[in-house]
Amino acid sequence: MHRIRCKNTCKLETSWFVVINPRAGGGKSVIDWPTISRLLNKYDIRYTYAFTEYKYHAVELTVQAINRGYRNIVAVGGDGTLNEVVNGIFIQKVVNPNQITVGVIGVGTGNDWFRMYEIPHNYEECIKAISNKKIFRQDVGVAEYYESSVRHKRYFINAAGVGFDADVARRTNRLKDLGKRGVLLYVLSLLKSLIQYHSTRINVKVDGRHFQDKVFSITIGIGRYNGAGMMQVPFALSDDGLYDVTVIRKIGKLNVIASLPRLYNGTILKHSRVVALRGKSIEIMSIPGVELEVDGESLGETPLRFTILQQALSVIVGEQFKGSNLLAKTHPEPMEVTNL
């Protein structure tokens, strides 16, 4: 492992710093690292690397790398690894985050962010895309939440979930912490949450408009995919400076099961218990507190506040990605609602 040392002054590095999560994909990143390393060399990508050793270590490594002069970061892992790298980029104080470029080599289980940008799962094609450095500037979300009565802030680049979604994420992450791996973890967690979770009365404010009702879940999206391939915000654009918000009001358990295909085929907004909203600023309050997750990572609970930084991060995308202009053709206006 190459360990980086922080310095107050540094020479600007033109090479890449690679952050590897050894737990991603059930240890697949460690097994596949020799292959990934060989391909990086094949495409003449100069790099230094480090393996993470504990939760949030990727945040620290990213801050250290930027302090040392790196302006190109690659995350080897899944959505959670990428989220930590992004948070490192936005909490460091050395340079404006828009001077940093992020690439990803996916070996995680969810990889929802990857789908949106048509980033290849094949290592060689993915590394070739990094070498070509096709860049897209996307929005970055800012979530403020409470944990043990203390307010915290977290950046995210794909989606946040409130209520049922966060309950599922917490169960999934708990199983991962116990060493369990595989896509079935999410399905198992979803079923357990479905049995035990209850809707809560929630107050929502989107760009000054107030709504209140018993709510099953809220998805706040920059990207279109979450929950291992679900499309709860199917018309989200990742560079328009707006969140797409899908609110599922109180709904029966059998209705949830029957509606699962809608979550995967992008037609969930046609459901009678669903409301679609769009805005820059979102506030959510509830009694009792309702849980939050961002990019699949379990955080705290309500009260919550979301703001957005438009086109604040440069990311490497797949060669087949055509940009958001094409997607904008299917970007309808949100529903006008007087009360949820």
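Charges on Cβ only, +1 for Lys and Arg, -1 for Asp and Glu, centred on the Cα centroid of the range 13-108; of Val19, Asn98, Pro34, which one is farthest towards the dipole's positive end?
Pro34
In what order do Asp207, Asp167 fall by count of nearby beta-carbon atoms within 10 Å, going from fewest to most?
Asp207, Asp167
Along the principal axes of its C-alpha atoms, what lengths does the chain span, in descending order and rounded to whole Å?
Principal-axis extents of the chain (Cα, largest first): 55, 42, 38 Å.
May I ask for the percentage of alpha-carbon pairs in the range 109-212 that lie more than 23 Å from each other?
Numbers: 2700 of 5356 pairs.
Looking at the range 109-212, the distances longer than 23 Å represent 50 percent of pairs.
Where the only charges are on Cβ atoms (+1 Lys, Arg; -1 Asp, Glu), what is the dipole of the range 53-112 about its Cα centre, to the nearest 20 debye?
Using only the charged Cβ atoms, the result is roughly 280 debye.
So which of Lys180/Lys250; Lys134/Lys322; Lys42/Lys134; Lys28/Lys176; Lys28/Lys128; Lys192/Lys253 end up more than 22 Å apart, counting from Cα to Cα?
Details: Lys180/Lys250 31 Å; Lys134/Lys322 11 Å; Lys42/Lys134 18 Å; Lys28/Lys176 14 Å; Lys28/Lys128 20 Å; Lys192/Lys253 12 Å.
Distance filter (> 22 Å) returns Lys180/Lys250.
Could you tell me which residue out of Thr48, Val86, Val74 lies farthest along the dipole of the range 25-132 toward its positive end? Charges go on the beta carbon: Lys and Arg +1, Asp and Glu -1, centred on the Cα centre.
Comparing the listed Cα positions along the dipole, Thr48 ranks first.
Looking at the range 13-108 from every direction and averaging, what is the projected area of its Cα convex hull in nm²?
5.4 nm²
Calculated FRET efficiency, Tyr146 and Lys322, Cβ-Cβ r, R0 45 Å, to nearest 0.05?
My answer for the efficiency is 0.65.
How big is the charge dipole of the range 211-330 about its Cα centre, in debye rounded to the nearest 20, if each Lys and Arg gets +1 on its Cβ and each Asp and Glu gets -1 on its Cβ?
640 debye
How far apart, in nanometres, would the label points at Thr48 and Lys153 be if each is projected 7 angstrom from Cα along the Cα-to-Cβ direction?
2.8 nm
Quick one: if the Förster radius is 25 Å, what FRET efficiency do Leu309 and Lys134 give, using the C-beta to C-beta distance and rounding to 0.05?
In this case the efficiency is close to 0.70.
Farthest toward the dipole's positive end in the chain, which of Cys126, Thr307, Thr219, given Cβ charges of +1 (Lys, Arg) and -1 (Asp, Glu) about the Cα centre?
So the residue we want is Cys126.
What is the sum of charges around Val59, taking Lys and Arg as +1, Asp and Glu as -1, for the other residues whose C-beta is under 11 Å from the C-beta of Val59?
0
FYI, it's all coordinate maths here, none of it is from the lab. Computed from a prediction, not measured in an experiment: that's the story for all the values here. Cβ atoms come from the backbone with ideal geometry, glycine included; neighbour counts cover every protein chain shown.
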